[in-house]
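The values are calculated or read from the model by the stated rules, or taken from the named source; none is laboratory data. Not measured: the values here are computed from a predicted model. Every residue, glycine among them, receives a Cβ derived from its backbone with ideal geometry; neighbour counts consider all protein chains shown.
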Amino acid sequence: MSGKGTRTLVARTRATGLRTDTGPPPTALPDTGSHFVVLLKPEVMTPAAAPDMAAEAIRVLGAQEVAVRRAAVVPAGEFAGRGYLLLHYPRLHRVAADGHRALTSAALRELRALAEASGADEVLGAYEAMTRGARLTPRALDARCRAAGIHKLGSGSYASVTELNGRLVTVLNGFLPALVEGYTSGVGALVGLLECHSRREIGALRAEALGALCPADAAPGSLRAALGALARERGIALSQGRNAVHLSAGHLEGMFQAWRYFAATDGRGVESTGFGATLVGRGVPPAALAELAADHNLAEDSGETLSPHGATEGLGRAEALGRVENWIAGGKGPVTT
């Protein structure tokens, strides 16, 4: 995949207002290594900047031993409107909407410790928090939570202790409404999707190829550093919340993102992805595997609940495969109530 190819996609999407796609790769997917997705976010995929941003991302990935097998460009509003944004971050959205009821056992313990230390006596999901102030905007809530500090409770679960209407409260995923607004408010903004494969492990790629959460702090040669430099040249402000790019956090998440953004558009199942093909080859039913896509809590024999995506985040491929096999062989299914 070349930068020239993605420039063509951007031009076609801008002209038609529709998703454009390079189509299925001409070569078979290797049955080893990491199969994942890189997502270029609307803050850098502006109409003027998108061609250079997409080409630069492909250049950096190539230097990091990543092959881009397929690319797609989607209008940001369509990406959100079709539900892709919700499905890309299912736990972030669930916690923001359902509050503490969506947390895993470990995240609940972290929340209780934070509440005891802070003295905050109420916990609100981000969307409930938005109703507590008539003039409270998504950006204002995001700024307030970041100023107060964002504490990671667990995968897709974050808390900030801040004041709303004169009361000290704990807000869960308070940055989420602003993140959503970033996909729905920019005129002409796009989303870039890159289906990738590498012999390197996802954990190493996130540490070295992706770069630090804030692009200004990212190491030279990383995606966030490179796209951050282009953004500065174009007067685009980036931050921890507007950080240009996402790379799948683990093999399980990468499998679902590669399936949803690419294979599913061709009518193929989750077993057509690298990680999915290996699991199905080991006897895991595709339907049972697909149940993990929404990242609902799983109940362990101990009574503890966990996030499937979070529990495989950063694991090596072999360990992640074994973890998923054990869940399904043990009859572990989503806890949705």
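Taking the residues in segment 292-312 that are assigned to a loop (DSSP other than H, G, I, E, B) and of a type outside the set (G, A, S) as candidates, determine which candidate is surrounded by the fewest Cβ atoms within 10 Å (Cβ to Cβ).
Step one: list which residues in segment 292-312 are assigned to a loop (DSSP other than H, G, I, E, B), which gives 292-296, 300-304, 307, 312.
Narrowing further to those that are of a type outside the set (G, A, S): 292, 295-296, 300-301, 304, 312.
Working: L292: 24, D295: 23, H296: 19, E300: 14, D301: 7, E304: 12, T312: 28.
Here the answer is D301.
Quick check on my filter: what residues within segment 179-201 are modelled with pLDDT under 95 and either under 14 Å from the mean Cα position of the chain (by Cα) or of a type in the set (A, V, I, L, M, F, W, C) (or both)?
The answer is L179, V180, Y183, V187, A189.
If I ask for residues that are in a loop (DSSP other than H, G, I, E, B) and either within 18 Å of G250 (Cβ to Cβ) or free of Cβ contacts under 8 Å to residues at least 12 places away in the same chain (or both), which ones from segment 269-281 would you list? Quick ask: steps written out before the conclusion?
Kept after step one, since they are in a loop (DSSP other than H, G, I, E, B), are these residues of segment 269-281: 269, 273.
Correct list: T273 only.
Quickly run through segment 134-187 and pick out the residues that are outside any strand (DSSP E or B), in contact with a Phe, Trp or Tyr (Cβ under 9 Å, 6 or more places away or on another chain) and of a type in the set (K, R).
If we filter segment 134-187 for residues that are outside any strand (DSSP E or B), which is where we start, we get 134-150, 155-156, 165-166, 173-187.
Next, from what is left, pick out any that are in contact with a Phe, Trp or Tyr (Cβ under 9 Å, 6 or more places away or on another chain): 138, 141-142, 145-146, 150, 156, 173-177, 179, 183.
The answer is R146, and nothing else.
Restricting to segment 267-287, name every residue that is among the small types (G, A, S) and surrounded by 14 or more Cβ atoms within 10 Å (Cβ to Cβ). Can you show your working first?
First, pick out the residues of segment 267-287 that are among the small types (G, A, S): 267, 269, 272, 274, 276-277, 281, 283, 287.
Passing the criteria: G269, S272, G274, G276, A277.
Okay, residues lined up against (1) at pLDDT below 95; (2) part of a helix (DSSP H, G or I); (3) not assigned by TED's automatic domain parsing to the domain that holds R14:
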position: T27; (1), (2), (3): yes, no, no
position: R59; (1), (2), (3): no, yes, no
position: A71; (1), (2), (3): no, no, no
position: V74; (1), (2), (3): no, no, no
position: D98; (1), (2), (3): no, yes, yes
position: R109; (1), (2), (3): no, yes, yes
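Could we say that H251 is under 15 Å from the mean Cα position of the chain (by Cα), closer than 26 Å to R94 by Cβ and not small (G, A, S) here? If you could, list the steps in order and put the result at the bottom.
Values: under 15 Å from the mean Cα position of the chain (by Cα): yes; closer than 26 Å to R94 by Cβ: yes; not small (G, A, S): yes.
Yes.
Looking at segment 15-48, which of its residues are of a type in the set (G, A, S), surrounded by fewer than 24 Cβ atoms within 10 Å (Cβ to Cβ) and under 22 Å from the mean Cα position of the chain (by Cα)? Lay out the reasoning, then the answer.
Narrowing segment 15-48 to residues of a type in the set (G, A, S): 15, 17, 23, 28, 33-34, 48.
Filter once more, so that each one left must be surrounded by fewer than 24 Cβ atoms within 10 Å (Cβ to Cβ): 15, 17, 23, 28, 33, 48.
Result: G33, single match.
What tally of residues in segment 222-266 results from selecting those that are within 30 Å of A143 (Cα to Cα), of a type in the set (D, E, K, R) and surrounded by fewer than 19 Cβ atoms within 10 Å (Cβ to Cβ)?
Here the count works out to 3.
What number goes with the only condition from (1) farther than 26 Å from P25 by Cα; (2) not in a loop (DSSP other than H, G, I, E, B) that G235 does not pass?
Among (1) farther than 26 Å from P25 by Cα; (2) not in a loop (DSSP other than H, G, I, E, B), the lone unmet condition for G235 is (2).
In this structure, does A102 turn out to be among the aliphatic types (A, V, I, L, M), surrounded by 15 or more Cβ atoms within 10 Å (Cβ to Cβ) and not assigned by TED's automatic domain parsing to the domain that holds A11?
Values: among the aliphatic types (A, V, I, L, M): yes; surrounded by 15 or more Cβ atoms within 10 Å (Cβ to Cβ): yes; not assigned by TED's automatic domain parsing to the domain that holds A11: yes.
Taking the combined requirement at face value, the residue satisfies it.
Hey, among R69, R12, R59, which residue is touching a Pro at 6+ places or on another chain (Cβ under 7 Å) and either surrounded by fewer than 21 Cβ atoms within 10 Å (Cβ to Cβ) or among the polar types (S, T, N, Q) (or both)? Walk me through it before giving the result.
Working: R12 fails: touching a Pro at 6+ places or on another chain (Cβ under 7 Å); R59 fails: touching a Pro at 6+ places or on another chain (Cβ under 7 Å).
Among R69, R12, R59, only R69 is touching a Pro at 6+ places or on another chain (Cβ under 7 Å) and either surrounded by fewer than 21 Cβ atoms within 10 Å (Cβ to Cβ) or among the polar types (S, T, N, Q) (or both).
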